[in-house]
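The values are calculated or read from the model by the stated rules, or taken from the named source; none is laboratory data. Predicted model, so just to flag it, every value in this text is computed and none were measured. Backbone-built Cβ (ideal geometry, glycine too); neighbour counts: all protein chains shown.
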Amino acid sequence: MRTNCPICDTPGVGDWEMEFLVPDGWTNPTLNKILMCPGCGFIFYDNDKTQADYDVYYAERYGFDGNLHVEANLLRLDDMAALITSIAKKNDLIVDFGGGREMYLTNKLNELGFAKARTVEVGDELPANIDVLVSSHVFEHIFDLRRIAGELVNKLAVDGKMVLEVPDEWQETVLPHPMPILDYHQKHINHFAPFMLDGLMETFGLNRTYQHSEALHWYYGAYYRAVYERDVARKIYTRSRKMIGAMVAERLELLDKVKGPVVVWGCGDFCLHMLTKVKLDVAYYVDRDPAFRGATIGGVPVHENVISDHPIVVMAQNQQSGILHCIEQEGLTNEIIVI
């Protein structure tokens, strides 16, 4: 029995049940109560089975329907492999948790030079210090969801990443759908919308750094794929500081070579930041944003048009192409210096 939410342990509520005939000797439940958590919104089955019962079913009865060999499914796994190669290093320990007997994803990663990629089935021992832990369409099957998710997180390296993919219940219930019971069948006992999977990972201190949703036309459904990491706010802060510092330093080298009086066209934030770092001899500024009409910057006027033959310095980011287009259209012959 699991009357409480597997994510936040709040008692589930609901008045919806689904019954199934079960072949003799199988360990599936005949009755599933479909509950919703009033706390986090998670949708899950309550029945009289245990994780051990589901383990027996998956070991003995599951994985023989041929879906792995559907071309569109292989393309989905190829796309997942491409995502993993973009976030992993060649010597990283990559584990495909519940990847199946075929080990398609692991074999693909091995072919791409990720020699330490391996498949570990549900219930088998996981290695420690996993750099990238992948679980594709597994979490919707796990009865003891919070316990097993916690075990996976505990096996991650300090800077390890989790790549998860589950059916997207939100898209499935919004898109036109020819399947009468959607994926509310015997095997999918957890039903995720994207925010629910994000919420589960947040309880373990992991935050989403990537997301993608797409329809599975060959399966009449949709999936949600996401990457999760620890300490994301600190990483964003540190990476932002390093990236901006490096890019500003690179452009300061260029700006430091500019000598003599110049016109600066474009008074955006990048320009105004750069001019705190370099003492540039600015004759006047040009900016056609009405906010700058009649303004001065350090006593230097801002005009709407170029009124001299001084070299024009362009430091704009988003507006750079528009400024260069204006210079061309107006037939200006000034020297152009793009920073």
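Quick look at the values:
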{"item": "Neighbours by Cβ (under 6 Å, 6+ apart or cross-chain): first from the stretch 1-17, touching a residue at least 40 places away in the same chain (Cβ under 8 Å); second among the basic types (Lys, Arg) and surrounded by 12 or more Cβ atoms within 10 Å (Cβ to Cβ)", "result": "Pro6/Arg146"}
{"item": "Filtered residue count, the stretch 153-201, keeping only those that are surrounded by 15 or more Cβ atoms within 10 Å (Cβ to Cβ) and in a strand (DSSP E or B)", "result": "12"}
{"item": "From the options Tyr224, Tyr237, residue that is under 30 Å from Asn73 (Cβ atoms) and of a type in the set (Phe, Trp, Tyr)", "result": "Tyr224"}
{"item": "Residues of the stretch 327-339 that turn out to be assigned to a loop (DSSP other than H, G, I, E, B) and out of contact with any Leu (no Cβ under 6 Å at 6 or more places or on another chain), as a count", "result": "6"}
{"item": "Residue in the stretch 105-117 that is among the small types (Gly, Ala, Ser), closer than 30 Å to Asn4 by Cβ and in contact with a Ser or Thr (Cβ under 9 Å, 6 or more places away or on another chain) present", "result": "no"}
{"item": "Residues of the stretch 132-147 satisfying the condition of being buried (at least 20 other Cβ atoms within 10 Å of the Cβ) and either β-branched (Val, Ile, Thr) or outside any loop (DSSP other than H, G, I, E, B) (or both)", "result": "Val132, Leu133, Val134, Ser135, Ser136, Val138, Phe139, Ile142, Leu145"}
{"item": "Single residue of the stretch 202-218 satisfying the filter (part of a strand (DSSP E or B) and not hydroxyl-bearing (Ser, Thr, Tyr)) that is surrounded by the most Cβ atoms within 10 Å (Cβ to Cβ)", "result": "Leu206"}
{"item": "Hits in the stretch 292-318 - residues which are among the aliphatic types (A, V, I, L, M) and surrounded by 12 or more Cβ atoms within 10 Å (Cβ to Cβ)", "result": "Ala295, Ile297, Val300, Val302, Val306, Ile312, Val313, Val314, Met315, Ala316"}
{"item": "Residue list for the stretch 219-273, filter: in a loop (DSSP other than H, G, I, E, B) and on the phi < 0 side of the Ramachandran plot", "result": "Tyr219, Asp256, Lys257, Val258, Lys259, Pro261, Cys267, Gly268"}
{"item": "For Ala222: the one exception among (1) closer than 23 Å to Gln51 by Cβ; (2) in contact with a Leu (Cβ under 7 Å, 6 or more places away or on another chain); (3) of a type in the set (A, V, I, L, M)", "result": "(1)"}
{"item": "Criterion violated by Asp65 - all others in (1) part of a helix (DSSP H, G or I); (2) surrounded by fewer than 17 Cβ atoms within 10 Å (Cβ to Cβ); (3) modelled with pLDDT under 95; (4) not hydroxyl-bearing (Ser, Thr, Tyr) satisfied", "result": "(1)"}
{"item": "Every residue from the stretch 227-260 that is aliphatic (A, V, I, L, M) and in contact with a Ser or Thr (Cβ under 8 Å, 6 or more places away or on another chain)", "result": "Val227, Val232"}
{"item": "Residue check, Cys40 in contact (Cβ under 8 Å) with a residue 60 or more places away in the chain, within 21 Å of the chain's Cα centre (by Cα) and within 25 Å of Asn154 (Cβ to Cβ)", "result": "yes"}
{"item": "Subset tally (residues that are in a loop (DSSP other than H, G, I, E, B) and touching a strand residue (DSSP E or B) at 6+ places or on another chain (Cβ under 9 Å)) for the stretch 11-38", "result": "6"}
{"item": "Residues within the stretch 137-154 that are over 18 Å from Arg2 (Cβ atoms) and free of Cβ contacts under 8 Å to residues at least 60 places away in the same chain, tallied", "result": "3"}
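Conditions tested, residue by residue: (1) surrounded by 14 or more Cβ atoms within 10 Å (Cβ to Cβ); (2) of a type outside the set (A, V, I, L, M, F, W, C); (3) assigned by TED's automatic domain parsing to the domain that holds Thr203.
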residue	(1), (2), (3)
Met18	yes, no, yes
Gly25	no, yes, yes
Leu75	no, no, yes
Asp79	no, yes, yes
Ile84	yes, no, yes
Lys90	no, yes, yes
Ala115	no, no, yes
Gly123	no, yes, yes
